[in-house]
Structures are given as C-alpha cells and as structure tokens.
Amino acid sequence: MPLETESKARVRALISEFRPENGDLLATLHKVQHEFGYLSREAMEVIGEQLDLFPAHVYGAASFYEEFRFEPPAHTNIRWCSGPACRLRNSNGIRDAMLATLGLDEIHEQTEDGRVGVINGQCNGCCELAPMVWLEQHETHTVRPVGNLTAASAIRMARALRDGTEIEGALDAAFERTPSGSGVSNG
Amino acid sequence: MAETLNALERYEALRLDADAVYEAWRMPDRPRIDIAMDTSSLANGAQDTGRALAGLIASSNANVDLGQVHGYGMQWLHPTVQVTFPDGATVLYGPVRVEDAPRLLDEANGIWGAAADLRIGMIAGERDDIPSIRDHEFFSLEPRERRLTRNLGLIDPDNLQHYIARDGYRAAARMMGRHQSEEAVRNVLNEAGLTGRGGANFPTGVKWNFLFGAPGEVHYLVCNADEGDPGAWVNRVVMEGDPHLLLEGMLIGAFATKSREGFIYLRDEYPFSIQRMEHAIREAEAAGLLGDDILGTGVSFHLRVIRGAGSYVCGDETGLLSSISDDRGMPRVKPPFPAAVGALGKPSNVNNVESYANVPLILMHNAEWYREFGTERQSGTKIFSFSGDIPRVGFMELGFGASLARVLDVCGGVQGGQLKAIQPGGPLGSLVPGHVIEDLVLEPASFAPYDAILGGGGIVFCNDQTSVMVLVEMFSEFVEVESCGRCTTCHGGNQRKTEIVRRIIDGDGRREDEPNLHFIDRTIQFSNCAHGQLSPKIMRNILQHFHDDYERAVLGVDHTLTAKGLYEVVVANQRDPQLPAAVDICPTGAIQGEEGRRKVLADLCIRCGACLEVAPNAMAKQPKTARPGILALT
C-alpha cells in the first residue's frame, strides 16, 4: 500500500463525518468536488474506503451524474441553459457562437489554457430571462446568472473571458455598457 | 389520553409565541421592505436591489426595516419587493432595480407616491385605491383564496413561527396527539382524491397504505424533489415559498406510514431550495416538530436532504431510490415495488413535493373542501408554471379543469408570432398543436385525445417562429443523454432518433426516415421504465400533429428559417453602414471579401444569428432551394 499522500489525508479529514450504508455517497462526492473542484482518482479511493465501497463503484456512480467532473474545471465555466424557453429564443445559435468564439468543438470542452469552458445547464425556471447562461468560477464559488442574451452579446462575453477578463468585465463587454461593477447581468 | 393533551398542548404553546411574533411582523412598529428572495428573483438581481436598499437605509438612518418573502408568481416583474406599513397594509412593487431603490425607500418612509409607478397591487389591507393583487388579471383564474400558495407574500419562508401562526403544524399536532388514526388520514386523502402530482396520478392514500402494511421496523418516507422537466418549477415554488408545508406533509405521511426516517431528494439545480429546506428542517428540529420525541409523543422522524447531481432519470422513483442508496441512479424493473424494497433496501414510499404539500391543507379542512376545485376526474388545485413565447412568465395555482386558452390570455397572449405548439410535461411530455387550445383544459384527460399528457405542471407556449423540428431535436437529445443505459431500446433507439432528426435539420432528410422513426418509436416503447416508454412521444406527436412541417423539412423547406441546414445567411446590402459590425461580430470570420463585395462563406457560417442582430439591414436569411433529389408524396 502506498504511503498516504497529503491530498489523500485532506480528503479523509474532509469526509470523516460520512458513513457506509447510510445514503452518504452523493453528499460525499459533492463535498469533495466543492473543495477540490473535481473528483481525482485518489479522492475516489479515499471515498471508497470511507464508505466501504470499491473505488470502481464510486467512479461508476459518480460518472453516472452530469455534475461530477474528473478533471479540474476551467477558470470560468459558461453553463449554457438547454431549456425550451431559451431554445425558442435562439439559444442554439448562442451555444454555437460561444463554442466557435472559444475554438471548442463541443459542450464540456475548455480552452487549451483552461481559462474558459462551456458546460450544459438545465432549466431552473427563470424563463423570463431566456435565453440565459450562468457564469461559474470554482475558485470563488461564484454562480452568476446572465439573462436576455443574444448571439452577439454572447460572442462579446466569450471573447472577453477568453482574453482574460473576469466576470464583471465580460458582462460589461457583453452588454456594451460602461464598467459599473454591479447591477443585474441582463441585456 | 394524557398523550393526546400533551401533543396539542405543546403545539398551543408554540402557537402562542408564534402568534405574537407573526402579529409583530404583519403590523410592524415601523415600515418594513421585504425583498422577494427565490431562485427567479435572485437571477433577476434581487440581491443587488436588497444591497442598494440596505445601503440607503444605513446611510440615511431611515426608520425602515428590511426583510424577505417569496415572489408572488409574476416572474416577468422580478425583482419585486413588498412594503408593509404599521397598519398591516402591504403593497407589492416591481420590477424594483438598483436605480429604483431611492424612491422605493422614500415611498416606504413617508413620501407616499414616490414609487407609485412601480406598484402592482395590495398583498394585504388597503391603501388609497390600489387594487388587491387578487384582482390582477394574471391571477384571475386562480381560486379567490390561494391554497398551496396561501402563504406567499404573507410569511418569511425562513421563519417557522410565521408558518405556525398561519395554522401550520396544527394538522400534524392533531394527528400526533391521536385525534386521528393513521387509517383516517389515508381515507381522507382518498376521499379528497389526492393523486401523485409528479404526473403519474396514483392515489396518494393508497400508496401510503402499501408502506403502512410493509413488514419490518425500518420504513423510509421519501420526497421526490428532483423536478427535472425543463420549463417546470412547481416544486421549487413550494420548497422556496413555504418549506414547512412540505415538512408538515411529510411528518403526517411519516406518522401514517410508520416511517421514522425520510429523505428529500432535491435536484442540484435548485441550490436555493436546498438551502431553504435544510434551514426549515433545522428550525423544525429545534422546535421539537421533527427529530426525536416529536411534540412529546415519543415518536421520531428524522429527515434529511439528499442533493442530486444532474440526472433526469432520478426523477423516476426507482432511479431516485438507487441514487439515495449509493448506487448509480438507474431505474430498475418493478416488482419489487418500493413499498417492499426501497431506499437502502428497506420498504419505502416516494411522493412528489406537491403531493405532500397538499396533505396538511386537506387535513386542516376536509375532503369536501378539497373537492371544491377541480373536476370530477381530478380534484383540487395545482401549481403550474408558464413560459415560452409569452410576455408574462410566471406561476399560478389553478383548479384542475382551468381553460388553457384563458391561461394564455392572462399570460398576455403569444408574442412574436402565432401560437404554433403547446409543450406540456417536459421531455417525456408532448407537443400539442396550437389550434386545439380552445379544447384544452388543465386536467390529464383533456390531453389524452392528442396522444399527450399534462405532466408535472410546466407548460411552454411556442410561437411559429421556431421550427418544431428544432424543438424535437432538443427533446430527442435530452432523452438520449439522460437515458440510464439499461435498456438498449432506450439508449440505442433515442440515439438513432436524434441522428435522424439532426440529419433532417441539416438538410439531408430521406423518404425512409418516417417509417424508421415509427419503427424506432414502437421499439423504444418496450423499455423498462417511464423514461424509455415515453421518450419517443414528442417525435410521434410531430408526425401526428405537425406532419406538414415534418414533410417540408424532409423536402428541405423550413419557413421559419431556424432549421440550420435549410437556410443560408447572405449579405443583403453591401452599402449598409452596419455591415462592418456584422463582419466584426462573426465568430468564424465567415463574412469575407473586399468592401462592396462582401460574401458569406457557407462552409464557415454556423448560422448563429449574431450578424443579423447587429446588422439587420445588411444581412439576411434566405431559404436554400428545395432539394431536387427527393420527391414530394402529394
């Protein structure tokens, strides 16, 4: 058995409250991903030990769900809403425009430098803002809903993020407004 | 009988404190501004509005307090706020943005009229001639007195005492005090006609009976809060607007099924609902309404939230139970039914959020009261959410049987075109042609003649500016991606179906696609769970109700110019001053050539529409010529 690595010890401490056969797997996976941004191989080994499950079982279950990642997330993820109200307002065009702007082929890819990714989002019932996306940063646990997008504003936003601008600046660029630092992120 | 007195007495003691707290909140010493805080309000900037108001109150030392409520239903006016004056009059305002904060504060703080143009209606009491919110057109189809949504605007959802003061937990206390037997509770639910609100419509009381009679000491009561249908946010409203209503319903359910532990399986996409429910559970535990020895009866019920992780099939009860039990969330073959083998292998019962939420209300009144609304076949009220090509997006609580055409009217009618399709019930739901709307009422049987279902309460109105083929591609991909993979019919069939639909949209439709789609449909129906069985429905609806659109798309014609492969984008005016902006915005550099001779390179153009937005007079969509290789049948 290899020596305990520092990150394994961190995972172990993080999930010490969880028990086998108690319906704790999802909560454990969420907690680890919230802390580390993704589920590493060794994290899943530790989770398996804690919950008395084979690592293959942990990975098998985790990989069933869309929300668990096995690679570090992009600095900023654009979560694109795939819901019907958004589709009625050209969200397909918005998706394709953002992917093209970032040089990505498909959803769930990220730019080579890891700055921006596009991921799939599900409707959460804010359809008055359709079409919308959420800008997410794991480092700061930020989730920023952005509504009333157009393909053009999405392109400006994606370009700004790609070029190193942070969320607020990218929204100023998207909606062609003077930097304000606050306000609702809607066009 | 000492126990009897004990439970109710303890409740009355809680009630006494709660009444005082609630009275002080309803009739505050000084005006209070309550920000609507819910998922939609937050997305619309409620926090920014709240921060602006807090800053102004602090800097001007205003004699005003801040609080929170849940939105009332008019999401197109979010963010909304309410002002409650010392006499108990409560005015609803919206949208209140950061720049409106100063005059809203003025209005609350003595300069009556400063925010007159933002007033929507009175939530409670009277002020001048401002109409009651109950008279607003948007709510004109609701019962005069709300039921499931009765506490919206009238409580702080994070305050247990507000809920108690509004008669909350009384029904549970009566039951815990043995004023009603478990059987009587199940019977009253059956008499009321309460059925599963997730869309399956199985009688709730009967379901509880199964678990009550199940062997063993350990029974689990489970709430399905995995509201995954895009366009439906019914459960979200209950959980964020009145979380204790769900908890009380589950507490009663636990008692009636001999369950000592329970789970609320809540989708990951509702973090705010998770926060509210977990807070409500902690509050209820602290007050002795959950946990051990509830209201001194010696009965225990422990409840926890399980956070989902983005899997639609976990909305199927066996998928959900697998997910709770540390497994992949794959639906399985029944039997064994959950009442025999459920969460962690123990007997369990799964109900939808709204099913539980109805229970305290029915027990508070009676079965007859419940049947005042609804139809012969489907009694009661239900929350519905409305979205799509309408100006007024929001939710309402309607009696079953409400006219869908009238609903569309109060939602402001269809905008941007004519009504083309109605989409109820999410990806496993249906696509109903718009022209039958006058025949549709909100009850499951009304949709049956169109091979359609009503589903969980989400309804999307679609105008004629988006191709129905684009919509079916969306739903087809959804059911393919969300297939658990157990049945080849489902994961393989939906894959094939999506490929065919995409090929048609891309302009390569074939004559044999239609028989193949029918064949796939028949095959997928042999899948194990509802996901597979219902997944081909929307495609079938296209062939049933929108056959002309389908046929034209196969021939390469799409009048909406939204099916990607059936139109092209061209430069319409070389001299338009906005043309350079179109060149700039194009993400693929598809608009090339010298000034005056610009041209869209078809191979590069991804038809995202950005150039048409920035230079609507310079750029245009143009149908591709119909394909010569394929002949029309008629």
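The values are calculated or read from the model by the stated rules, or taken from the named source; none is laboratory data. What you see is a predicted model; the values in this text were computed from it and never measured. Cβ: placed from backbone, ideal geometry, glycine included. Neighbour counts: every protein chain shown. Please note that ligands, DNA and RNA were not included when accessible areas were found on the heavy atoms of the full protein model with its side chains. Shrake-Rupley method; radii C 1.70, N 1.55, O 1.52, S 1.80 Å.
Cysteine residues of chain B whose C-beta has no other cysteine C-beta under 4.7 angstrom: B:223, B:314, B:411, B:462, B:484, B:529, B:586, B:605, B:608, B:611.
Using only alpha-carbon positions in the stretch B:19-133, the gyration tensor eigenvalues give semi-axes of 18, 17, 15 Å once each is multiplied by 5 and square-rooted (largest first).
Mind jotting down the distance between the C-alpha centroids of the stretch B:56-87 and the stretch B:8-32, whole Å? Between the Cα centre of the stretch B:8-32 and that of the stretch B:56-87, the gap is 20 Å. For the stretch A:162-174, the Karplus equation 6.51 cos²θ - 1.76 cosθ + 1.60, evaluated at θ = phi - 60°, returns couplings of 4, 8, x, 6, 7, 4, 4, x, 5, 6, 4, 5, 4 Hz by residue, with Gly and Pro reported as x. Pairwise inverse Cα distances across chain B, averaged and inverted, put the Kirkwood hydrodynamic radius at 26.7 Å.
Dividing the radius of gyration of the alpha carbons in the stretch B:352-489 by their Kirkwood radius gives 1.01 for Rg/Rh.
Counting heavy atoms of the protein chains alone, residue B:369 has an accessible area of about 40 Å² for a 1.4 Å probe. Note on residue B:369 and residue B:439: the extension gain reaches 22.5 nm, defined as 0.36 nm multiplied by sequence separation minus the Cα-Cα distance.
Rounded to the nearest 500, the 222 nm mean residue ellipticity of the protein assembly as shown from helices alone is -11000 deg cm²/dmol, with -39,500 (n - 2.57) taken per DSSP H run of at least 4 residues.
Given +1 at the Cβ of Lys and Arg, -1 at the Cβ of Asp and Glu and no other charges, the dipole of the stretch B:19-133 around its Cα centre is 220 debye to the nearest 20. Between the helical axis of B:488-505 and the longest alpha-carbon principal axis of chain B there is an angle of about 50 degrees. What the Cα convex hull of chain A gives, in volume per residue, is 138 Å³. The residues of the stretch B:255-283 occluded by other protein chains by 40 Å² or more of accessible area, set against the chain on its own, are B:269; surface from heavy atoms, 1.4 Å probe.
The Rg/Rh ratio of the stretch B:505-583, with Rg taken over Cα atoms and Rh as the Kirkwood radius over Cα pairs, comes to 1.22.
Using a cutoff of 8 angstrom between alpha carbon atoms and counting only pairs six or more residues apart, the relative contact order for the stretch A:76-174 works out to 33 percent. Spin-label model, residue B:87 to residue B:377: label points 7 Å out along the Cα-to-beta-carbon direction sit 4.9 nm apart. Around the amide H of residue A:119, modelled in the peptide plane, lie the amide H atoms of A:78, A:79, A:80, A:108, all under 5 Å away and 5 or more residues distant in sequence or on another chain. Taking the C-alpha atoms only, the angle from helix B:243-257 to the longest principal axis of chain B is near 70 degrees.
Counting only other chain Cβ atoms within 10 Å of each residue's Cβ, the peptide B:606-619 averages 5.
Between residue B:121 and B:92, the built amide H atoms are under 5 Å apart, and every one of these is 5 or more places off in sequence or on another chain. Tell me, how many Å apart are the Cα centres for the stretch B:560-623 and for the stretch B:344-409? Value for the Cα centre distance between the two parts: 47 Å.
Roughly how many whole Å is it from the C-alpha centroid of the stretch A:24-90 to that of the stretch B:112-127? Taking the Cα centre of the stretch B:112-127 as reference, the centre of the stretch A:24-90 is 46 Å away. Taking the Cα atoms only, what angle lies between the long axis of helix A:91-102 and the longest principal axis of chain A, rounded to 10 degrees? Once rounded, one gets 80 degrees. Take the stretch B:468-555 with all the other protein chains still there, run a 1.4 Å probe, and you get 38 Å² of accessible area per residue.
Computed 3J(HN,Hα) for the stretch B:296-302, one whole-Hz value per residue from the Karplus formula 6.51 cos²θ - 1.76 cosθ + 1.60 where θ = phi - 60°, is x, 8, x, 7, 10, 8, 9, glycine and proline marked x. Among the residues of A:76-89, the average count of other protein chain beta-carbon atoms within 10 Å of the residue beta-carbon is 6. Rounded to the nearest 5, the antiparallel percentage of DSSP beta bridges internal to the protein assembly as shown is 60%. For chain B, the antiparallel share of DSSP beta bridges with both residues in that region comes to about 55%. Considering only beta bridges that DSSP places wholly inside the stretch B:19-133, some 65 percent are antiparallel. Largest first, the extents of the alpha carbon coordinates of the protein assembly as shown on the three principal axes equal 92, 67, 66 Å. Can you tell me how the stretch A:6-64 classifies by the Cα gyration tensor, rounded, prolate or oblate, using a/c under 1.5 as the rounded cut? In terms of gyration-tensor shape, rounded. Full extension of the segment from residue B:126 to residue B:448, taken as 0.36 nm per residue of separation minus the current Cα-Cα distance, would add 111.5 nm.
Summed over both chains, the accessible area lost when A and B associate is about 4400 Å², using a 1.4 Å probe. Around residue B:273, under 12 Å between beta carbons, what's the net of Lys plus Arg minus Asp minus Glu among the other residues? Charge balance in the 12 Å sphere: -4.
For the stretch B:573-617, averaging the sequence separation of C-alpha pairs within contact (under 8 Å, six or more residues apart) and dividing by the residue count gives a relative contact order of 45 percent.
Within the listed set A:44, A:98, A:132, the residue fluctuating most in the Gaussian network model of chain A (springs between alpha-carbon atoms under 10 angstrom) is A:44. Close amide H contacts of residue B:304 (hydrogens built in the peptide plane, cut-off under 5 Å, sequence separation of 5 or more or a different chain): B:262, B:263, B:264.
Is the stretch B:445-511 rounded, prolate or oblate when judged by the Cα gyration tensor, a ≥ b ≥ c being the square roots of its eigenvalues, rounded requiring a/c under 1.5 and prolate requiring a/b larger than b/c? In terms of gyration-tensor shape, oblate. In order along the stretch B:529-537, the phi-based Karplus estimate (6.51 cos²θ - 1.76 cosθ + 1.60, θ = phi - 60°) of 3J(HN,Hα) comes to 10, 4, 4, x, 4, 9, 4, x, 4 Hz; Gly and Pro are listed as x. Put a plus charge on the Cβ of each Lys and Arg, a minus charge on the Cβ of each Asp and Glu, and nothing anywhere else: the dipole of chain A about its Cα centre is then about 600 debye. Please say if the stretch B:422-564 is rounded, prolate or oblate, where rounded means a/c under 1.5 for a ≥ b ≥ c the square roots of the C-alpha gyration tensor eigenvalues, and otherwise the choice is prolate for a/b larger than b/c and oblate otherwise? Cα axes put the stretch B:422-564 in the oblate bin.
Taking the accessible area of the protein assembly as shown, probe 1.4 Å, and keeping the other protein chains in place, the carbon and sulfur fraction comes to 50%. Within 10 Å of the Cβ of each residue in B:561-567, the mean number of Cβ atoms contributed by other protein chains is 1. For the stretch A:76-174, the dipole from Cβ point charges (+1 on Lys and Arg, -1 on Asp and Glu) about the Cα centre works out to 380 debye, to the nearest 20. Mean separation of Cα pairs under 8 Å and 6+ residues apart, divided by the residue count of chain B: what relative contact order is that in percent? About 11 percent, as a whole number.
Normalised per residue, the accessible area of the stretch B:573-617 is 58 Å², obtained with a 1.4 Å probe and no contribution from ligands, DNA or RNA.
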